[in-house]
1. Out of segment 188-212, which residues are closer than 23 Å to THR350 by Cβ and either in a strand (DSSP E or B) or in contact with a Cys (Cβ under 9 Å, 6 or more places away or on another chain) (or both)?
2. GLY325 fails exactly one of the following numbered conditions: (1) closer than 27 Å to HIS126 by Cβ; (2) at pLDDT below 95. What is the number of that condition?
3. Condition first: in contact with a strand residue (DSSP E or B) (Cβ under 8 Å, 6 or more places away or on another chain), more than 30 Å from ALA393 (Cα to Cα), at pLDDT 95 or above and hydrophobic (A, V, I, L, M, F, W, C). Can you find one or more residues in segment 174-191 that meet it?
4. Which is touching a strand residue (DSSP E or B) at 6+ places or on another chain (Cβ under 7 Å) and crowded, with 20+ Cβ neighbours inside 10 Å, of THR287, THR343?
5. If you take the residues in segment 303-322 that are surrounded by fewer than 23 Cβ atoms within 10 Å (Cβ to Cβ) and among the polar types (S, T, N, Q), which one is modelled with the lowest pLDDT?
6. Need the failing condition index for LEU63 against (1) modelled with pLDDT under 95; (2) under 30 Å from ASP93 (Cβ atoms); (3) of a type outside the set (D, E, K, R); (4) surrounded by 19 or more Cβ atoms within 10 Å (Cβ to Cβ), just the number.
7. Out of ALA239, ALA221, ALA257, report the one residue that is of a type in the set (Gly, Ala, Ser), out of contact with any strand residue (DSSP E or B) (no Cβ under 8 Å at 6 or more places or on another chain) and open to solvent by 30 Å² or more (accessible area, probe 1.4 Å).
8. Suppose we keep only residues that are open to solvent by 50 Å² or more (accessible area, probe 1.4 Å) and touching a residue at least 60 places away in the same chain (Cβ under 8 Å) within segment 368-385. Which one would you say is farthest from ALA199 (Cα to Cα)?
Amino acid sequence: MRALQVRRSVGRFGAARIVGAVSPAGATRVGPLEHRTIDDPERPGDEWHRVTTRLSGICGSDLSMVGGHASTYFEDWVSFPFVPGHEVVGDLDDGTRVVLEPVLGHAARGVALPFEGARPADGDDHAHLAITSPDGIEPAIQTGFCCSTGGGWAPWFWAHESQLHRLDATVEDFPDERAVLIEPFAGGIHAALLAAGSATGPSTPVVAVIGAGTMGLAAIAGLRRHAPGTRIVVGARYAHQRALALSMGADVAVADAEIDRAVRREVGCHMIGGGRSGALTSGAHATIDAVGSGASIATGLRITRPGGRLVLLGMPSEVTIDLTGLWHREIELKGAYTYGTETLADGSVTDTFTLATQTVEAVGAERLVSAVYPLADHADAIAHAANAGRRGAVKIAFDPRTAP
C-alpha cells in the first residue's frame, strides 16, 4: 500500500532540522518522511483488528519528528521504519467506526495489567513499552511510532482490542472531524484534571493556560466542564485562538505577552521586577503550559503562585531555563503526556477517552479541523500544520481515502 513512512536516517533528520528553520514544507521534502509503497504489516495476533483510516490528525509531536526536532529521549522508544499517525478515526472490517487510543499498553503486549480495568497508559513502570512482545510487537510508546502496527497516515493499520473505542452506530450526526479530535482532547482533559486537582481550597481558583492551539483549547474545554467554578485566563498569540478560547469556556483571553497582567488583575497581586526577571508576588493557583518552549515554561513560573502547580502539556524537548523561581516559589512541575483512568472531584472513576468523547460533542469540536489533505500532498499538509496559527487554522488532518 502507499503510505507515509519514516525510516531511520541521520542525514535526513539532520537535513530536516536545518531546512525546517526556514521552511516546514522544505523540511518535509528533504527529511525522513516519505510517501512510498510499503509492505503490509502482518497481523500480530487474534485480538488485533484491521482499522481502515478515515481521518488522521497531525499533532505537535509529529511536526517535531518530521522537522528533525524531536528529542533524542525517544530514540529508544520507537521502532523503525514506522508509519506516523496516532490521532485516528477509522472503520473495522465489519464497518464499526472506532477511535484509536494509541498507547501500546500492557494488554496489547501480553503483559499483566497494573490493576483491573487499567487503560493502556496506566501504570508506573514503562518496561513493557521497551520490549518485543510475545506477539512480535516491537518496542514503541504508541501506534504511529511502531514498525509492527502501522499508523494512521496509511490506508489501514493494526490495532489491539484494548486500544479501540467504538462509536455508537446510531449516532449519525457525529462527524469524522469531531471523532478525530477525541485523542488530542483526551490529552488536554487529562492536563486540565491535573491542574484542577491542585487548585483546591479557594472558592474561585484561577487557572492560567498558555497557548490556544488544539491542546490548549482542549484543556480549556476540560477545565470548564470538570472544574466549573474555576476562572480560566488564557494567553494566546493569534486573535482566532483567543476567540476560540472564549468559545470553549475561558473567562479571559489576551495576547500571550499580556498574560502576566491578566493573571495579576484576576488575583490582585503585585509584580516584582519586569521582563524575564519579573514575577508576580502571587499568581494562578495552577498553570497549564500548552506550548512547551523555554519561554512559555519561564512564563508559567512567573505567573504561578507560590505552592502552585505548573502542568506541562506541550512537548518541551530540550530547553534552557532558569529554575530559580521553581525553587524559590516551591512550584510543583507536573508533566501531562497522555490519558488513562481518571478520578473526578466527586469521587467517580472513569477514563479520559469517555470524557473526551462527551466533550468534543458538547463543544462541537469539528469546527477546529481547518483542512484535510490526501497523503500525496503531505508536504503542503505539514507546512499548513506547522504554520496553523499564522494561517488562522487549528487542526490539519490526512484523509488516506482521497486522491490528490
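The values are calculated or read from the model by the stated rules, or taken from the named source; none is laboratory data. Model, not experiment: these values are computed from the prediction. With ideal geometry, Cβ positions are generated from the backbone for all residues, glycine too; neighbour counts draw on all protein chains shown. In case anyone asks, the SASA skips ligands and DNA or RNA and just uses the protein heavy atoms, side chains included. Shrake-Rupley method; radii C 1.70, N 1.55, O 1.52, S 1.80 Å.
1. Once the filter is applied, which keeps residues that are closer than 23 Å to THR350 by Cβ and either in a strand (DSSP E or B) or in contact with a Cys (Cβ under 9 Å, 6 or more places away or on another chain) (or both), segment 188-212 yields VAL207, VAL209.
2. The failed condition is (1).
3. No, segment 174-191 contains no residue that is in contact with a strand residue (DSSP E or B) (Cβ under 8 Å, 6 or more places away or on another chain), more than 30 Å from ALA393 (Cα to Cα), at pLDDT 95 or above and hydrophobic (A, V, I, L, M, F, W, C).
4. Details: THR343 fails: crowded, with 20+ Cβ neighbours inside 10 Å.
Just a single option satisfies the conditions, and that option is THR287.
5. SER317
6. LEU63 satisfies every listed condition except (2).
7. ALA239
8. Looking at residues that are open to solvent by 50 Å² or more (accessible area, probe 1.4 Å) and touching a residue at least 60 places away in the same chain (Cβ under 8 Å), I get ASP380.
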